[in-house]
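Let me give you the structure first, and then I'll get to my questions.
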Amino acid sequence: GAPPPPPEAVLYGLECLASAVIKTIAMPIIVAKSHELSTLPQGGGGGGASTLWTKSQLLLLFCANTLCGSVLNDMMSGLTVILTLGRYECLVMNNYPFLSTSVRELWGKRYNRLINEFLKDSVYKPARRAGYSRDNGSLMTFAMSGILHVWVARHTFRRGYTRTLFFFVLQAALFKAQEATHKMFPKMPKWLKMIETMGLFLPSLYLYGGLFVEAYPEWLEINPVGTPAWLTPIVKATADMCHVKLLEQAQPPKEG
């Protein structure tokens with residue numbers, strides 16, 4: 001479509017830059033809180049990290065940490081659209097996934113749009129041109145996405161192959177289930193659709209996201225989060241307000 005007018009382009013660019021700053025501040029706090037929860041002392045035959053409530057918190061923090069991982073993309077998108085006054089823009093990785101009113105919208109328009117475009121062009125569209133239905137095209141696309149993520153599970157955790165593939169194939173089934181619900185209740189308000197979407201998606205996410213959560217706290221310790229020096233005081237102040245103790249960053253060895 002046509003590029004947005006310069007004033008709107010600048011506002012959109014500033015939104016992207018503000019998002020990058022907020023995510024940069026939030027990420028070390030999210031990581032520290034995740035580390036804290038995953039190192040709760042064990043007792044009564046099961047540690048804190050083994051309880052359903054703690055696992056639920058860790059999964060939500062994992063989601064937040066994943067969304068914060070698009071800082072560089074947000075910065076690049078914001079600077080591009082501002083410097084060119086909307087003439088050019090980068091594809092934004094995420095578009096507020098938590099506002100999705102359906103699982104189809106979540107995967108198709110709001111989350112990880114770069115991979116979405118890749119899979120759409122390489123799997124979904126060819127399948128549709130070959131005569132496969134929309135549902136079968138979606139299933140094939142998620143199956144391919146699952147295979148790609150099985151490779152991630154293989155090289156990162158050395159386990160979880162079946163549950164990873166099942167998670168992505170399951171999303172196609174959630175499409176159909178939710179579409180049936182929306183046909184039964186066509187006047188369902190938008191806010192309720194958002195709650196329904198998260199209620200379907202988040203429990204299923206543990207199939208794949210749980211691999212990361214189950215690798216805590218070691219995963220967090222070997223993947224430290226850096227903070228720009230000019231933002232460090234703000235991060236520390238925010239962490240203090242949230243009563244979160246930041247993880248200590250490993251210092252490089254001194255020469256000599």
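Take every Cα pair under 8 Å in the range 1-158 that's 6+ residues apart, average their separations, divide by the length, and report that relative contact order as a whole percent.
Contact order relative to length: 21 percent.
Still on this structure, I have one more. Can you pull the accessible area of Asp121 for me, 1.4 Å probe, Å² to the nearest 10?
Roll a 1.4 Å probe over it and Asp121 shows about 90 Å².
Could you please report the charge total around Ile29, scoring K, R as +1 and D, E as -1 over all other residues with beta-carbon less than 13 angstrom from its beta-carbon?
Around Ile29, the surrounding residues sum to +2.
From the backbone phi of the range 51-68, what are the Karplus-calculated ³J(HN,Hα) couplings (6.51 cos²θ - 1.76 cosθ + 1.60, θ = phi - 60°) in whole Hz, Gly and Pro given as x?
7, 4, 5, 5, 4, 5, 4, 5, 5, 5, 5, 4, 4, 4, 5, 5, 5, 6
On to the next question. Could you state how much accessible area Val10 has, in square angstrom rounded to the nearest 10, with a 1.4 Å probe and all protein chains kept in place?
Around 50 Å² of this residue is reachable by solvent.
Do the sum for the chain: with -39,500 (n - 2.57) for every DSSP H run of n ≥ 4, divided by all residues, what is the mean residue ellipticity at 222 nm, to the nearest 500 deg cm²/dmol?
-21000 deg cm²/dmol
Along the charge dipole of the chain, pointing to its positive end and built from +1/-1 on Cβ of Lys, Arg, Asp and Glu, which listed residue (Gly199, Thr39, Gln178) has its Cα farthest out?
Result: Gln178.
Using θ = phi - 60° and the Karplus relation 6.51 cos²θ - 1.76 cosθ + 1.60, list the HN-Hα couplings for the range 101-112 in order, rounded to whole Hz, with x at every Gly or Pro.
In residue order, the calculated couplings are 9, 7, 5, 5, 5, 4, 7, x, 10, 10, 10, 6 Hz.
Hey, got a sec? Which chymotrypsin sites (Phe, Trp or Tyr not before Pro) in the range 149-182 land in a DSSP loop and have at most 16 other Cβ atoms within 10 Å?
Answer by residue number: Phe157.
Express in Å², to the nearest 10, the accessible area of Arg134 obtained by rolling a 1.4 Å probe over the protein heavy atoms while all chains stay in place.
So the heavy atoms of Arg134 present about 110 Å² to solvent.
Which of the GluC sites (Glu not before Pro) across the range 116-199 are loop residues per DSSP, with 12 or fewer other Cβ within 10 Å?
Taking the range 116-199 and a limit of 12 other Cβ atoms within 10 Å, no loop GluC sites (Glu not before Pro) are found.
The values are calculated or read from the model by the stated rules, or taken from the named source; none is laboratory data. Everything quoted here is computed from the prediction, not taken from an experiment. Every residue, glycine among them, receives a Cβ derived from its backbone with ideal geometry; neighbour counts consider all protein chains shown. Just so you know, the surface numbers come from the protein's heavy atoms only, side chains and all, with ligands and any DNA or RNA stripped out. Shrake-Rupley method; radii C 1.70, N 1.55, O 1.52, S 1.80 Å.
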